[in-house]
1. Any idea which of B:Gly355, C:Leu72, A:Gly109 is furthest toward the positive side of the dipole for the protein assembly as shown, if Lys and Arg beta-carbons carry +1 and Asp and Glu beta-carbons -1?
2. Once you charge only the Cβ atoms, +1 for Lys and Arg and -1 for Asp and Glu, what is the size of the charge dipole of the protein assembly as shown about its Cα centre, to the nearest 20 debye?
3. On a 0 to 90° scale, report how tilted helix C:3-15 is relative to the longest principal axis of chain C, with both axes built from alpha carbons and the result rounded to the nearest 10.
4. Within region C:70-105, list the residues whose amide N lies under 20 Å from a label point set 7 Å along Cα→Cβ of C:Lys371.
5. Straight-line reach from C:Lys483: which lysines have Cα under 28 Å away, leaving out those fewer than 8 places along the same chain?
6. Can you tell me the FRET efficiency between A:Gln122 and C:Lys550 if r is taken as the Cβ-Cβ distance and R0 is 60 Å, rounded to the nearest 0.05?
7. Under 5 Å between amide hydrogens, which residues at least 5 positions from B:Val302 or on another chain qualify, with H placed 1.01 Å from N in the peptide plane?
8. Among B:Ser39, C:Ser325, rank each residue by its count of other Cβ atoms within 10 Å, from fewest to most, as a rough exposure measure.
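Every number in this text was worked out from the coordinates using simple rules, so none of it is lab data. On a predicted model such as this, the values are computed, not experimentally measured, just so you know. Don't worry about glycine lacking a Cβ; one is built from the backbone with ideal geometry, like all the others, and counts go over all protein chains shown.
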Amino acid sequence: MLTELTWSAPKDFLTLSSALTGFTTADLQGTGLVDIYYNQTLDVIGSRITGILLLKWSAIRTEAGTFDPLDAKFKPRIQKDIFDDPLVGPVARNVLLMWYTGNWYQMPGEWRQNYGASAGDQPHVVSAKAYQEGLMWRAIAAHPPAAKSPGFGSWAEPPKSPYEV
Amino acid sequence: MARTAKMIDPRLITLRKHLQWALEVEHFTIPPYLCTLYSIAEGTNSVSTAVIQSVAMEEMLHMALVANLLNAVGGKPRIIEPVYPAPLPHITLEKPSGAGKPGHAEGPIPLQKFSPAAIAVFMAIERPIARSKSSDGEFHSIGQFYDAVRKELRDLLKGKAKLTPAEVFTGNSAHQIDPDYYYGGAGRLLRIENIKDAELAIEEIVDQGEGLHGKVFEKRFNQAVEFRADVHDQAEDDDRGVPHDTAHFARSTTRPVPAHYFRFREISVGRYYQAGDKAVCDASGEECMPTGPQLPVQWDAVYNMRPNPKACFYKPGTPIRRKLDDFNQCYTRFCQLLQSCFVGKPQLMAQTPAGMFEIRHRAIELMRIPDDPDQYDPKYPDSKDATIDNKLAANRTVGPSFEKYVAE
Amino acid sequence: MGRAAQIALRSLTRLVGLHELLESDTMEFPARITDIQSIADKVHDVVVIGAGVAGAIIAKTLANAGKSIVLLEAGRATSILPERYASYVENFHLAMAKVPNSPYPQNLNAPSPSVLNQARVRDGYPVTTDYHVYRGPMPFLTDYLKTLGGTTMHFLGTCMRAMPNDLQMKDKYNCGVNWPIKFEALRPFYEEAECEIGVSADVDEQRNEVEEIAKAGKEMFGDKYQYPMMKLPPSHLDKYLAANLNAKKFAIDLFGRKYPVKVVGTPAGRNSMPNPKYKDKSGQPYRPMGMPYDANSGERCEGNSSCVPICPVMAKYNALRTLYSLDDGRGENLKIISQAVASKITLAANRKTVNGIVCKIYQDENNSTCKEYTFRGKYYVVTAHAIETAKLLLASDAANRSDMVGRNLMDHPYLLTWGLAPAGQRTGVFRGPQITSEVPLRDGHFRSHFAAFRADIRSGGWDFATGAPYLNALTLIRGQPPKFGADLRESLYNEVQRQVSFGFQIEQLPDPTNRVTIDQQYMDAIGNYRPVINYNIDDYSRQAMKVARKLFKDIMVKQLGGEDNTEYNNAGPGYLEVDGETFSVYGSGHIVGTHRMGDSDINSVTDKDLRTWDHDNLYLVGGGSMPTLGTANPTLTIAALACRASHTLLKRLGK
């Protein structure tokens, strides 16, 4: 569970989140959840492992010499240096899942076995706002049920294309 | 082009021009209200949110009523996207007696966050002043302006040079927006096909608005007081004592009767009016304080948007610029949709709720995005907004700019 | 909503949520006792038990006519205040399992069943993990809700009429039983109910559909009837399906007859555009009612896509709206007491009449301390839901000369099917009301052989079937290699935008062995019985599942050129087999039959006026009154029966 206080997320967390989700940094900031998700990750995963994840990302960026996290050339490096890494790979997936669903899912059993479980590593909805801002709803050109209603009759129109939303 | 039809009466042309102005005035007020509304942190300031939202919705109703009026008299409404900050178009707001004192706004109307200053601007827009004919040919309040329009309309239909109703109401009735397209706020949309409808429409606008009208100022205020009395009674005649929640409950279920100005004043001073309160003190002639229950206002539960944002402050291609461009496209599409509705396709009104909801969702996103000097476009020194104290700027967010989007 | 409603509200808030108000510091517990005691000291015209749709309609109609009414509700009146209603919405946001009761906190003193606590009954051991006890062979797979407003708080909003043949199953198809009334006796009350609830539909579309399949269009709707509101706009998916079914005259062959398979709008208690052709009884046009406490919300459906379990703006009807719209000045006639659990109906010595309702009133839903009060009226109406009404009668040894109380329990087994439209097709799912149209097979000669059904065209794609879009996101992100970035966005979009899912609601026949009983082994926190349920789905319904399953496959593959991806899990609580084929069903919450009306005191609990055969002043109104279920969601029929019962009671009470 989150404490009342939250700490500002470092820029690396924001840009990594952008690269993972496929949404711009402004899209992510528009959810109001950057700091909350950073803190959620610290709470469950701890600062040491979170730090390793961010360091790896920062190294990829520096090497690539571009600042746009959505640049396609990051893709193979993220796959190799982050997702294929048994320590930080599952963490990156969980951060990505959190952005898409608003839920914290329990870390995979193998990861918990190898690196230790924490009490906060239980499946839960991070917050009501997190539910409302789940990026998957935007990715599928829809909206979360009981929030961000699209207005009378909007459902009769064809859905928007993937990047119109 | 050779035309055999007789010349259109110049008075009718003036009427149409003034109705077009009215459309511009109503439109102009909406983005500032929405901007302030969406800057309020979700789930906070429930009373202020309800008040600003209800006023914004009434202004939208007025826009539709004006479009119906203008269509009825054979005009062609044009949607013109306002640019902020700017003075209210076509109307020079008269400075009230308290001008210069705290709570009174002067100068151009900005897009800004929920704050005492924003509420002061809204009060200035909605301030009731004694009704009188404009002496200098200018209009000094929205009410005075509508009075003039009403008189122009009446004058057309009487006297020596009078026109027949058929000569005035030349519009195509198929262009009228059907009442059922407006819902969810106070008041009703009307189809306008004759002078009776037109009078009702103007009455609806003026009545809901700033409640000007000399004496009506008093009447307006009395209504506010009666309305509070309802709540008061309930608390009094329930011997177990009703907690504040319940009083608020009864209040929020009623159509808000007080004129806009008084609703804003309640927020401004953080108290409700109650029975026995007066608008103006007999002795000093100054505005009285409301003496009802406290109205909690959380001035800091707000996104700290920078005033009057512009897309061009940010470099093309930066995430913030793209977000603002998306917003402006959405707003511009909405204006185009309204334009089509007003000039012959009223059935397209069915699509407007989706547009309004989209504007809202996108505006709230912009409210949360921190302003980022790294994304400023050096071509526009305004970006840095030199007037802003650096300390304030630290938590500043981008905010919605409500600009007409022009593809590059 | 204007001044009238405001005044009604002011009176209502005096007693509704009495206990909610207690939470404030200004009120002491003894104050409440005095109030309730003073109500218990009087003999009222009518005591109504249960503030769901039936109870609310009866209470409002009688209070408007000047009668004094006590309305008892077992649950809390949480939603009486706007902030509290919003707290339900937040509960829903925060729930991992977004099931129908997820917004509404469990109440230990007035418990509701939960679909999360249901399991298969194995080796004859009863399942006791839910509020209900399930004795099998199958668990009863559904829920309901105890709170002010009842289960309408989480219902879908579908408001369709029964079909005339649903009321004459024995005569027409030699199965089930007949109702003691014909459709025409119900029709005016359907009209009344459609006004009370505010139903959106196109009467011509409905009439033509019924005419085509059963030649009953005029019988059901007459010539001139209009619904209060226009049909809700059909979804993008509805239109796509109609273009491939209706436009291509797709049909199904059953026992040598062809039945058209087409998309038809579903009448709904959700706010749409008012119908300009509609006039109510007093000649007034219809004005939709939205959120009673916020004039800016709910006059039209906003497309929140969460009809079940909660409409955030109350654009979907719930029974609170009925209570809030009492006539001007009538609030004083209606005393609503929440947190009052009816535990016994007491009878006069000769058993001919009821002389009181004993209630256990609690203050805190987590503390079983209660105080008993007895409420008295000239008449008593139990509108406490099919299962709870039956339980109360059994616990009171009342109205059961026929031994029919609790028997003939029915629901619509809900069979999900799912598939994908062809690649490149966008179905536009996850937007708007959860159902706007259906594919009906509601009547025909096949009903001599197997059950009729209607297929909801689910606007939530595979949500119920697989847990989409969460499951899609999980699978893509936890896949090897994982999807991320633009690739993830596009994959997710392309997967979800092809989803199509139907939910078949299958008719069930009355079976006396499907029943609610009580057993002293199983009591709740405050010493009331928990319902014990025996339930099965017979071959009549199971055969229809095979037809439904094949119909969906034909639609997906032959008509749309897409895929059928339906695959049933044989571990779920709703697992069953039909001729060796595996199926899995859910319930629909359409719970009926347990105190049915009839022509004779031998095989029914009430007469056609819903008065118990055994007790002259006791009426039972609700889904339990329905002798057969048919294919309609029962809410509108329950409301119509409530309107009819109100008239009966008014006649008996005299002007």
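1. B:Gly355
2. Working: 138 positive and 139 negative charges, 459 e Å.
The calculated dipole for the protein assembly as shown is roughly 2200 debye.
3. 70
4. Answer for region C:70-105: C:70-77.
5. Hits, sequence-local ones excluded: A:Lys11, A:Lys56, A:Lys73, A:Lys75, A:Lys80, A:Lys129, A:Lys148, A:Lys160, B:Lys323, C:Lys98.
6. Details: r = 43 Å, r/R0 = 0.71.
It comes to 0.90.
7. For B:Val302, the qualifying residues are B:Ala41.
8. On the way: B:Ser39 26, C:Ser325 18.
If I rank by nearby Cβ atoms, fewest first, I get C:Ser325, B:Ser39.
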